[in-house]
1. Taking the options B:Gln54, B:Gln83, name whichever one is touching a strand residue (DSSP E or B) at 6+ places or on another chain (Cβ under 7 Å) and closer than 25 Å to A:Gly94 by Cβ.
2. Of everything in the range A:88-106 that's at negative phi and assigned to a loop (DSSP other than H, G, I, E, B), which residue is farthest from the chain's Cα centre (by Cα)?
3. Which one of the conditions (1) surrounded by fewer than 17 Cβ atoms within 10 Å (Cβ to Cβ); (2) within 14 Å of another protein chain (Cβ to nearest Cβ) does B:Thr109 fail to meet, given that it meets all the rest?
4. Of everything in the range B:65-106, what is basic (Lys, Arg), open to solvent by 50 Å² or more (accessible area, probe 1.4 Å) and touching a Ser or Thr at 6+ places or on another chain (Cβ under 8 Å)? Give them in sequence order.
5. Of all residues in the range A:1-11, which are open to solvent by less than 70 Å² (accessible area, probe 1.4 Å) and part of a loop (DSSP other than H, G, I, E, B)?
6. Give me the strands (runs of 3 or more DSSP E) completely within the range B:16-60, filtered to those with at least 1 residues that are surrounded by fewer than 20 Cβ atoms within 10 Å (Cβ to Cβ) and more than 13 Å from chain A (Cβ to nearest Cβ), ordered by residue number.
7. Just to be sure I understand, how many residues within the range A:14-37 are modelled with pLDDT of 95 or more and part of a loop (DSSP other than H, G, I, E, B)?
8. Filter the range B:1-15 for residues that are assigned to a loop (DSSP other than H, G, I, E, B) and more than 13 Å from B:Leu111 (Cβ to Cβ); which is most open to solvent (accessible area, probe 1.4 Å)?
Amino acid sequence: SQQGEEDPQALSIQEGENATMNCSYKTSINNLQWYRQNSGRGLVHLILIRSNEREKHSGRLRVTLDTSKKSSSLLITASRAADTASYFCASYTGRRALTFGSGTRLQVQP
Amino acid sequence: GAGVSQSPRYKVAKRGQDVALRCDPISGHVSLFWYQQALGQGPEFLTYFQNEAQLDKSGLPSDRFFAERPEGSVSTLKIQRTQQEDSAVYLCASTRQGLDTEAFFGQGTRLTVV
């Protein structure tokens, strides 16, 4: 069963707006990763944040991590139609493998 | 290779048929993972290899599922006597070593059992 839950399940915004997705997890982690999945395709790694980090940036992406609340958020700024995809958080506890959340389906309207 | 390659991309199997799904990881990647993704859900862990050793198979849903990586590179996921609930996308991922770094995923194999 999946460890993480993501919120919202679906999000629809206009091009140029910011999109924020949240992820919660249940147990202590080594790192948390965010992936994007376009319809019918594999997952693409976006960003990795370690348990001792609080914030990380990559281009238009900003990820925060709050280990006390066991939560993370992904912010996509100035969204584009090409950002339309499903976004998944995945936690790594140091055991087993990545545990994925249920995903947020983002629709960016041109 | 340039990325993780999975074949076939699509597979339709009649209930009761055996299937074999192939994964070619990125050359030199030590760790290989198999995931199962149902429609509209996140990937669920199946099994994990480090080189040729299967270190964790706790996610395999039944003894009809079997995975191997005999030479530490290409891996095959075999499903015997397929059932309708096996219909899903099967994803393979590889990493240089472990999961303290990003995982590279293949495009997946969409299995439909009819």
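1. B:Gln54
2. A:Arg95
3. In the conditions (1) surrounded by fewer than 17 Cβ atoms within 10 Å (Cβ to Cβ); (2) within 14 Å of another protein chain (Cβ to nearest Cβ), B:Thr109 misses (1) alone.
4. B:Arg96, the sole residue that qualifies.
5. Those that are open to solvent by less than 70 Å² (accessible area, probe 1.4 Å) and part of a loop (DSSP other than H, G, I, E, B): A:Gln2, A:Gln3, A:Gly4, A:Pro8.
6. Ranges flagged: B:19-24, B:53-56.
7. 4
8. Applying the filter and picking the extreme gives B:Ala2.
The values are calculated or read from the model by the stated rules, or taken from the named source; none is laboratory data. Since the model is a prediction, treat every value here as computed from it, not as a measurement. We place every Cβ from the backbone using ideal geometry, glycine too, and count neighbours over all the protein chains shown. In case anyone asks, the SASA skips ligands and DNA or RNA and just uses the protein heavy atoms, side chains included. Shrake-Rupley method; radii C 1.70, N 1.55, O 1.52, S 1.80 Å.
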